[in-house]
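One structure below.
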């Protein structure tokens, strides 16, 4: 594919936000649209362990962790769009393998490749946003993108459920293929390159290593990175066990998709609220308050369950999850923004490094939460509480440190 020497038109802020949200959503779409089909996948491949189908989710994150470290350095040297084409191409290959898989292991291979390709969307959308914006403006744009992006987990399970009404579960991968192609064509024709040629360093291994060392050596970036990994891990734990908790344990059946989407709206609402809050309050303080809220809510809910000596009602469980997810919406964009503030000159490599560490942490934390599911909601609530508490300790430690590394970020 030969890219036009001049873009047909430049994108305005609204179209840029919509395009970035769509590209970023490929990963979420590939996960959330499959959730209603986990039961059919278990039956199709005769899986005896009910938790084994969770690998269909965790395998995508594993592939993403492998790819995250690659795309940033490549995009710093060759430009964002060219590397986007490669990443989405790998996603399409993995999608075809999953579509045609004759056994569960081949299906997992396709899912790993989907995650590996979708990692380009995770890294390069953030890098492109950092190319165009910084500080509070970046936080605001990230919040608006998250608000649009959240429509995916709202709609994807319902779309997946709708597909299952008329077609076998493999048709979901046909839908994913079509969406990826649309996103690729939109990027190709409508979005100009955000990284000028004269700002691209040569692809020298020593430069990449130096950029990664700089990223990890900054105490502010490191602490925000670890905190975001813990919070994202808690959310991955929810994604892994949501179908078992809501559809099986609470017997929602076909209503699962609608309830899952309604809960995701809490993140969308808080992302919109965050786009205004970041213009008035310090990003660091917003994150601290959200982490305190999640920790206290989870602790109180656990005490209530100990007193109740049974599982909470569905309505009470949904209220708890909605409150937690509202605070997640504050954290997702702000923690990434804070980690990247001092690293604009190496945005691609820094985003790769940060995202890779985040994802590796989230795979471990999310896998631990998901695999400890025992027919009750306690493992999930404990996962939320401990993840938020540990993340809070990291941010409080950063607040107390008197060093120039943290000064700019904590003041924002």
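Selection within region 249-268: residues that are surrounded by fewer than 16 Cβ atoms within 10 Å (Cβ to Cβ) and either assigned to a helix (DSSP H, G or I) or within 17 Å of the chain's Cα centre (by Cα) (or both). The member of this set that is modelled with the lowest pLDDT is 254.
Yes/no matrix, rows are residues, columns are (1) surrounded by 20 or more Cβ atoms within 10 Å (Cβ to Cβ); (2) at pLDDT 95 or above; (3) assigned to a helix (DSSP H, G or I):
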residue: 57; (1), (2), (3): yes, no, yes
residue: 72; (1), (2), (3): yes, no, yes
residue: 77; (1), (2), (3): no, no, yes
residue: 91; (1), (2), (3): yes, yes, yes
residue: 118; (1), (2), (3): yes, no, yes
residue: 121; (1), (2), (3): yes, no, yes
residue: 124; (1), (2), (3): yes, no, yes
residue: 144; (1), (2), (3): yes, no, yes
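Looking at region 317-412, the helices (runs of 4 or more DSSP H) lying wholly inside it that each contain 3 or more residues that are modelled with pLDDT of 90 or more, within 22 Å of residue 306 (Cβ to Cβ) and within 17 Å of the chain's Cα centre (by Cα) sit at 378-400.
Determine whether residue 148 is under 18 Å from the mean Cα position of the chain (by Cα), modelled with pLDDT under 85, within 25 Å of residue 89 (Cα to Cα) and in a helix (DSSP H, G or I).
On the way: under 18 Å from the mean Cα position of the chain (by Cα): yes; modelled with pLDDT under 85: yes; within 25 Å of residue 89 (Cα to Cα): yes; in a helix (DSSP H, G or I): yes.
So residue 148 passes the test.
What do you reckon, is residue 331 more than 28 Å from residue 155 (Cα to Cα) and in contact (Cβ under 8 Å) with a residue 24 or more places away in the chain? No; evaluated as a whole, the condition is false for this residue.
Among the residues making up region 217-235, those that are surrounded by 15 or more Cβ atoms within 10 Å (Cβ to Cβ) and farther than 30 Å from residue 35 by Cβ are 218, 219, 220, 221, 222, 223.
Within region 183-204, restricting attention to residues that are free of Cβ contacts under 8 Å to residues at least 60 places away in the same chain and assigned to a helix (DSSP H, G or I), the residue that is nearest to residue 26 (Cα to Cα) is 185. Scanning region 68-77 for residues that are within 20 Å of residue 366 (Cβ to Cβ), touching a residue at least 40 places away in the same chain (Cβ under 8 Å) and within 22 Å of the chain's Cα centre (by Cα) turns up at least one hit.
The values are calculated or read from the model by the stated rules, or taken from the named source; none is laboratory data. These numbers were taken from a predicted model, which means no experiment stands behind them. When we count neighbours, we look across all protein chains shown, and the Cβ atoms used for this are built from the backbone with ideal geometry, even at glycine.
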